[in-house]
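What follows is a set of notes on a single structure, which appears directly below.
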Amino acid sequence: MKGENINNIHLVLKKMMWTSLIVFIFLIGRNILIPGVDAKQLARFLNNQYLLQIVNGTTGGDLSRMSLFALGLGPWMSATILWRVLTLIKKFDLKKIPIERTFLFKIAIAIIIGFIQSIAIISNIDINPKISIFAQTQFGAMATISLIMVSGAVFLVWLSNMNEILGIGGPTVLILASMIINWPTNVSLYILENVRSGLDINSVILMLVIMISIVFLVLLTVVVQRAQRQIPIRRILVNNNFYQQSYLPIQINPAGGMPLMYSMTLLVLPQYILQAVHYWLPNNVLVENGLDNIAITKPLGVTAYIIILFALSIGFAFININPDQIAEDLQQNSDYIDNVEPGDATREYITEIVFRLSFVGALYMSLIAGFPLYFGIIDKQYTQYALTAGSIIILVNLVINIIDQMKALLTKNNYSALFFE
């Protein structure tokens, strides 16, 4: 047993070294700036783009300085969701496609989305035509910068896959690193703004309320993430002290923090598309109205965000917990749930439980990170607070997932004695 523990520790240390190397490469890429971009104009463009700023931070991007990894994993995350939707359409019969080809299709979709996003961003700022590798024109410069941004996004996908294979945490480590880097800057800027404007009793009280709210939200997120519904399992092949302690754990919020990241990414995608179209049709009334109404500070944008968040909270729950697979595994191992027949009855029973819990999780997500955005329609400052609450939930969930993975690696192969007592 002691030898196995040592091996597990060596395995964790090896994976941590690989993850450290990958994060180091990620940090280098964040500091490789794309030339020919007007940084001041970019800052002005991002100043009122609250959702875009949050999405950029929660996908590993770095638009504020227009670095090599400016787009982050946003295009890949959008492509993953779109591919998932396509697989649900039985007419396409995409589930039979090999994993290698599926990956290539998703990469192709991500590249298309990446070009749309990069063009939408570049069209709002001035760029230097001299950097073009195609022709010394504005369009050539735009194509050059878009190519660099998309190449960085594809390299970031490869980097996250390498961390999935060799390191710990997969793509979540890169997202976590991005959020940790951005947070101190955002907090310090917020404090400096209040100090420069003159601290009064109201400002101090507001900052104290924000700090207490953050601590409360962190604790609440940990409690919700750790809370479980335990379904007792009868294991026929196990005859020891653990017989009565076997259960199937299902989290109260089965989807975790993933719906927040993906809902933000999906909501911002139509904005990117409309901004790209607006570049080619600058005076189109429909495009301008669409851009105005789907903003996160407008009723339509907030409602769309809550609907997407609610739907993804339920959808990700069934991705994380597959009732069909669980029912099949239980039946193959001759295990069963009390008062529930094996097979279809077990699958339906687990499906019902997962749906109920995912519904509770969806309500929780909507109440904490969705409905408060309606206050931002009155005052845009509340939009920042509501989006920050969502990013805190994402951050805490990412940390919990990485800790759980490390615990699993440390206890790997330590259960052999369980079946011989």
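Taking only protein heavy atoms and a 1.4 Å probe, the accessible area of the chain is 66% carbon and sulfur. Each Lys and Arg Cβ is given +1 and each Asp and Glu Cβ -1; about its Cα centre, the chain then shows a dipole of about 620 debye.
Return the single residue from Leu88, Leu63, Leu274 with maximal mean-square fluctuation; model: Gaussian network over the chain, springs between Cα atoms under 10 Å. It is Leu88. The residues of the stretch 17-148 present an accessible area of 51 Å² per residue when probed at 1.4 Å with all protein chains retained. Could you please state, rounded to a whole Å, how far the C-alpha centre of the stretch 109-169 is from the C-alpha centre of the stretch 325-370? Value for the Cα centre distance between the two parts: 41 Å.
In the context of the full set of protein chains, residues of the stretch 254-317 present 39 Å² of accessible surface per residue (probe radius 1.4 Å, heavy atoms only). Number of Lys-Lys pairs in the chain with C-alpha atoms under 28 Å apart and a separation of 8 or more places or on different chains: 17. Close amide-amide hydrogen proximity is noted between Gln228 and Ile252, each under 5 Å apart and 5 or more residues distant or on a separate chain (H modeled in the peptide plane; Pro and chain starts excluded).
Think of the chain as a dipole: +1 on every Lys or Arg Cβ, -1 on every Asp or Glu Cβ, centred on the Cα centre; then among Val222, Ile89, Phe139, Phe139 lies furthest on the positive end.
Rounded to the nearest 10 degrees, the inclination of helix 2-30 to the longest alpha-carbon principal axis of the chain is 10 degrees.
Look at the alpha carbon pairs under 8 Å that are at least 6 residues apart: their mean separation over the length of the stretch 315-421 gives a relative contact order of 16 percent. In sequence order, the stretch 113-124 has phi-based couplings of 4, x, 5, 4, 5, 5, 5, 4, 6, 5, 5, 9 Hz under the Karplus curve 6.51 cos²θ - 1.76 cosθ + 1.60, θ = phi - 60°, and Gly or Pro positions carry x.
Annotation for the stretch 82-126: chymotrypsin sites (Phe, Trp or Tyr not before Pro) lying in DSSP loop with at most 15 further Cβ atoms inside 10 Å of their Cβ are Phe92. Residues whose amide H falls under 5 Å from that of Ile233, counting only those 5 or more places apart or on a different chain, are Ser246, Tyr247, Leu248, with hydrogens built in the peptide plane. Sequence-ordered 3J(HN,Hα) estimates for the stretch 261-278 from the Karplus curve with 6.51, -1.76 and 1.60 and θ = phi - 60° stand at 4, 6, 5, 4, 5, 5, 5, 7, 4, x, 5, 4, 4, 5, 5, 5, 5, 4 Hz, glycine and proline given as x. Over all Cα atoms in the chain, the spread is summed up by Rg and Dmax: 23.8, 77 Å. Each residue of the stretch 38-45 is assigned a 3J(HN,Hα), and the resulting list reads 6, 5, 5, 5, 5, 4, 5, 5 Hz, derived from the Karplus form 6.51 cos²θ - 1.76 cosθ + 1.60 (θ = phi - 60°), x at Gly and Pro.
Helix-only mean residue ellipticity at 222 nm, the chain, DSSP H runs n ≥ 4 weighted -39,500 (n - 2.57), per residue, nearest 500. What is it? Rounded to the nearest 500, the figure is -23000 deg cm²/dmol.
The values are calculated or read from the model by the stated rules, or taken from the named source; none is laboratory data. Given the structure is predicted, the values throughout are model-derived calculations rather than measurements. Every residue, glycine as well, gets a Cβ built from its backbone with ideal geometry; the counts of neighbours run over all protein chains shown. Quick note on the areas: whole protein, heavy atoms, side chains included, nothing else; ligands and nucleic acids left out. Shrake-Rupley method; radii C 1.70, N 1.55, O 1.52, S 1.80 Å.
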